[in-house]
Amino acid sequence: RKEVEQDPGPFNVPEGATVAFNCTYSNSASQSFFWYRQDCRKEPKLLMSVYSSGNEDGRFTAQLNRASQYISLLIRDSKLSDSATYLCVVNGKAGGTSYGKLTFGQGTILTVHP
Amino acid sequence: NAGVTQTPKFRVLKTGQSMTLLCAQDMNHEYMYWYRQDPGMGLRLIHYSVGEGTTAKGEVPDGYNVSRLKKQNFLLGLESAAPSQTSVYFCASSDRVLYGYTFGSGTRLTVV
């Protein structure tokens, strides 16, 4: 089983739609979680951290379910500029061998069309 | 503030040639990383460093060597390039890993 698994998509949605991405991770000791965005032929950039209580940043909402080892990202009112690959990212627990090394999912491709 | 700078941005090598990729960060970060990204494989960790003078192997270290002689620089070397090393290489750095990484813009390497 992969450490971090995502549905690769692609997701094709019209402008204004709401779209949700899911991600599961295998290491129950994982401590911190992120969503990154990667545009075509560019480097990944941090979109948002994911907190246990859930967090929101404008049109973006991230949720974490530690019991199910599941992370989600919800995008509301999609814009053309949201078209990108979204990477689910997990860090190991402090003191463990995986700490400090982020593990990336393969990414979910989103295309927003007019 | 430049962040993380990678050089070169593009390179074509012949099989068997050697080269060094340079990563420089000006944020005084302790941790630095080298990843490669291939279609369908995602980002895979090659080597990383938790501080000046330290290096460690990641998920796919074979065929690569690294050095971190100065805190701000992390070098990735290919001693004898192979076509399987054709990839996009990303360097990243972080201060506290709870805050995520900052990536460089990548090096596109083709080995023919």
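The values are calculated or read from the model by the stated rules, or taken from the named source; none is laboratory data. What you see is a predicted model, and the numbers here were worked out from it, not measured in a lab. Cβ sites come from the backbone with ideal geometry, for glycine too, and all protein chains shown count toward neighbours.
Observations, loosely collected:
- Meets criteria (out of contact with any Asp or Glu (no Cβ under 9 Å at 6 or more places or on another chain) and not polar (S, T, N, Q)) for B:Tyr101: yes
- Selection status of A:Arg37, over 13 Å from the mean Cα position of the chain (by Cα) and either over 25 Å from B:Ser94 (Cβ atoms) or modelled with pLDDT of 90 or more (or both): no
- Residues within the range B:91-112 that are surrounded by fewer than 18 Cβ atoms within 10 Å (Cβ to Cβ), modelled with pLDDT of 95 or more and in a loop (DSSP other than H, G, I, E, B), tallied: 2
- Residue list for the range B:10-54, filter: among the polar types (S, T, N, Q) and either farther than 24 Å from A:Gly105 by Cα or more than 12 Å from the chain's Cα centre (by Cα) (or both): B:Thr15, B:Gln17, B:Ser18, B:Thr20, B:Gln25, B:Asn28, B:Thr54
- Residues satisfying the stated conditions in the range B:41-90, i.e. outside any strand (DSSP E or B), of a type in the set (S, T, N, Q) and away from every other protein chain (no Cβ under 14 Å): B:Gln72, B:Ser80, B:Ser84, B:Gln85, B:Thr86
- Residue check, B:Leu22 part of a loop (DSSP other than H, G, I, E, B) and more than 14 Å from chain A (Cβ to nearest Cβ): no
- Tally, over the range A:70-88, of residues that are part of a loop (DSSP other than H, G, I, E, B) and hydrophobic (A, V, I, L, M, F, W, C): 0
- Any hit, the range A:32-39, residues being small (Gly, Ala, Ser), surrounded by 15 or more Cβ atoms within 10 Å (Cβ to Cβ) and part of a strand (DSSP E or B): yes
- Here B:Val88 clears all of (1) under 23 Å from A:Phe104 (Cβ atoms); (2) at pLDDT 95 or above; (3) buried (at least 20 other Cβ atoms within 10 Å of the Cβ) except the condition numbered (3).
- So A:Ser30, is it without any contact (Cβ under 8 Å) to a residue 60 or more places away in the chain, more than 17 Å from A:Gly9 (Cβ to Cβ) and either in contact with a Lys or Arg (Cβ under 7 Å, 6 or more places away or on another chain) or not charged (D, E, K, R) (or both): no
- Within the range B:39-65, considering residues that are among the β-branched types (Val, Ile, Thr) and within 18 Å of B:Thr102 (Cβ to Cβ), the one surrounded by the fewest Cβ atoms within 10 Å (Cβ to Cβ): B:Val50
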